[in-house]
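*Asks:* I have a structure here, written as structure tokens, and I will follow up with some questions on it.
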Ligand code: NAP
């Protein structure tokens, strides 16, 4: 039995395993995607992590992994499907039917892409509908694409796509972006990005591949011809499997302060799946470190 199981190998989980190994805990990290480093790998460039200006997200994720391996991290490649607690022991059931037991858990399972849930979205995933410009943007060289959303991700993706695509429509449902001002300035000054505000996506159309998108603008239905659509409308926390174990807020995020302590003893939460003000790499790695400090105190029966 482990002293600690960390679930999720994004920034928060990798930070946690580094701190856990340095604290000489008998710990393991479970990763759903082999050699994964979470959402960070979808960022073209990270400009806000102190000391690492203009680092690619993919490279930074790999550096976190390499660091974890250097301090002796043990990785298990499996998808966790259920967690139960019996007599203060956590039993973590995986999709291959294996069960991993531990005295404590740091849950760092992150978030998944929010869907628009409109007609054509599900049907055309991988055929022009994408949730990751850095992964799929290269397929749209000299083509016309749309990006949906008004946050940091949507605007970053529009800027990234504008470098290869011929034309980028940036479609947002309100008349104001929530993305940071630097990104807003950048999209406004990029010639091949056309901003369409107050537009509600209704349907994605295409026989085999995406051909167009229907929007409602000023109560009128309009059709835009496009070759691909990048949906960047935020994230949904991966908290479903623990919803009966720990307290969640109304949006499904696990309630905890920066100590990572949840409503369940010995169960800690780190990274984007935690209720928090700011979801960034810098806050995710801090969560991982703080959780390990809490785990140590818990194992010493101090909390
Ligand atoms: P976000 O900030 O939650 O923005 C989601 C956007 O999608 C919002 O503009 C929202 O519109 C729109 N939206 C939501 N549901 C929609 C729907 N059903 N139909 C149409 N539009 C919809 O998500 P995000 O941009 O992915 O960012 C997530 C977090 O990561 C944020 O904390 C962000 O700051 C961070 N992040 C940071 C960076 C960076 O620092 N460079 C880069 C990427 C992400 P409304 O505005 O009307 O609500």
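The values are calculated or read from the model by the stated rules, or taken from the named source; none is laboratory data. A quick note: this is a predicted structure, and the numbers were derived from the prediction, not measured. All Cβ positions, even for glycine, are placed from backbone atoms using ideal geometry, and neighbour counts span all protein chains on display.
*Asks:* Give the residues of region 143-156 that are surrounded by 24 or more Cβ atoms within 10 Å (Cβ to Cβ) and either more than 9 Å from the ligand (Cβ to nearest atom) or over 23 Å from the mean Cα position of the chain (by Cα) (or both), sorted by residue number.
*Replies:* Answer for region 143-156, where residues must be surrounded by 24 or more Cβ atoms within 10 Å (Cβ to Cβ) and either more than 9 Å from the ligand (Cβ to nearest atom) or over 23 Å from the mean Cα position of the chain (by Cα) (or both): 145, 146, 147.
*Asks:* Pairs please, first residue from region 192-209 and in contact (Cβ under 8 Å) with a residue 24 or more places away in the chain and at positive phi, second anywhere and part of a loop (DSSP other than H, G, I, E, B) and within 10 Å of the ligand (Cβ to nearest atom), Cβ atoms under 6 Å, 6+ apart in sequence or on different chains.
*Replies:* Within 6 Å, the pairs are 198/175.
*Asks:* Would you tally the residues in region 51-68 being surrounded by fewer than 16 Cβ atoms within 10 Å (Cβ to Cβ) and within 19 Å of residue 19 (Cα to Cα)?
*Replies:* Counting residues in region 51-68 that are surrounded by fewer than 16 Cβ atoms within 10 Å (Cβ to Cβ) and within 19 Å of residue 19 (Cα to Cα) gives 4.
*Asks:* Turning to a different aspect of this structure: Within region 173-182, can one find any residue that is at pLDDT 95 or above, touching a strand residue (DSSP E or B) at 6+ places or on another chain (Cβ under 7 Å), within 9 Å of the ligand (Cβ to nearest atom) and part of a loop (DSSP other than H, G, I, E, B)?
*Replies:* Yes: region 173-182 contains one or more residues that are at pLDDT 95 or above, touching a strand residue (DSSP E or B) at 6+ places or on another chain (Cβ under 7 Å), within 9 Å of the ligand (Cβ to nearest atom) and part of a loop (DSSP other than H, G, I, E, B).
*Asks:* Can you tell me which residue in region 189-226 is farthest from residue 122 (Cα to Cα), limited to those that are assigned to a loop (DSSP other than H, G, I, E, B) and in contact with a helix residue (DSSP H, G or I) (Cβ under 6 Å, 6 or more places away or on another chain)?
*Replies:* So, considering only residues that are assigned to a loop (DSSP other than H, G, I, E, B) and in contact with a helix residue (DSSP H, G or I) (Cβ under 6 Å, 6 or more places away or on another chain), the one farthest from residue 122 (Cα to Cα) is 190.
*Asks:* Given the options 212, 294, name the one that is more than 30 Å from residue 103 (Cβ to Cβ), more than 16 Å from the ligand (Cβ to nearest atom) and touching a strand residue (DSSP E or B) at 6+ places or on another chain (Cβ under 8 Å).
*Replies:* Every option except 212 fails the conditions.
*Asks:* In region 157-164, is there at least one residue being under 25 Å from the mean Cα position of the chain (by Cα), within 13 Å of the ligand (Cβ to nearest atom), surrounded by 15 or more Cβ atoms within 10 Å (Cβ to Cβ) and within 23 Å of residue 120 (Cα to Cα)?
*Replies:* The answer is yes; a qualifying residue exists.
*Asks:* Going through region 17-61 one residue at a time, which ones are in a strand (DSSP E or B), in contact (Cβ under 8 Å) with a residue 24 or more places away in the chain and within 30 Å of residue 157 (Cβ to Cβ)?
*Replies:* 29, 30, 31, 46
*Asks:* Going by the structure shown, is residue 224 over 16 Å from residue 14 (Cβ atoms) and over 21 Å from the mean Cα position of the chain (by Cα)?
*Replies:* Answer is yes for this residue.
*Asks:* Would a scan of region 245-259 turn up a residue that is assigned to a strand (DSSP E or B), under 26 Å from residue 14 (Cα atoms) and at pLDDT 95 or above?
*Replies:* There is at least one residue in region 245-259 that is assigned to a strand (DSSP E or B), under 26 Å from residue 14 (Cα atoms) and at pLDDT 95 or above.
*Asks:* Here's something else I'd like to know. Looking at residue 218 and the list (1) at pLDDT 95 or above; (2) within 30 Å of residue 196 (Cβ to Cβ); (3) loosely packed, with under 13 Cβ neighbours inside 10 Å, which single condition is not satisfied?
*Replies:* It is condition (1) that residue 218 fails.
*Asks:* Just to check your reading of the model, which residue among 128, 151 is at pLDDT 95 or above and out of contact with any strand residue (DSSP E or B) (no Cβ under 8 Å at 6 or more places or on another chain)?
*Replies:* 151
*Asks:* Continuing with the same structure: Please enumerate the residues belonging to region 110-136 that are in contact with a helix residue (DSSP H, G or I) (Cβ under 8 Å, 6 or more places away or on another chain) and buried (at least 22 other Cβ atoms within 10 Å of the Cβ).
*Replies:* Across region 110-136, the qualifying residues are 110, 130, 133.
*Asks:* Moving to a separate point now. From (1) more than 12 Å from the ligand (Cβ to nearest atom); (2) surrounded by 13 or more Cβ atoms within 10 Å (Cβ to Cβ), pick out the condition that doesn't hold for residue 185.
*Replies:* So the condition that residue 185 fails would be (2).
*Asks:* Only one residue in 288, 228, 266 is away from the ligand (no atom under 16 Å from the Cβ), closer than 23 Å to residue 79 by Cβ, touching a residue at least 40 places away in the same chain (Cβ under 8 Å) and crowded, with 22+ Cβ neighbours inside 10 Å, so which one is that?
*Replies:* 288
*Asks:* Within region 58-71, identify whether any single residue is within 16 Å of the ligand (Cβ to nearest atom) and closer than 24 Å to residue 258 by Cβ, and answer yes or no.
*Replies:* yes
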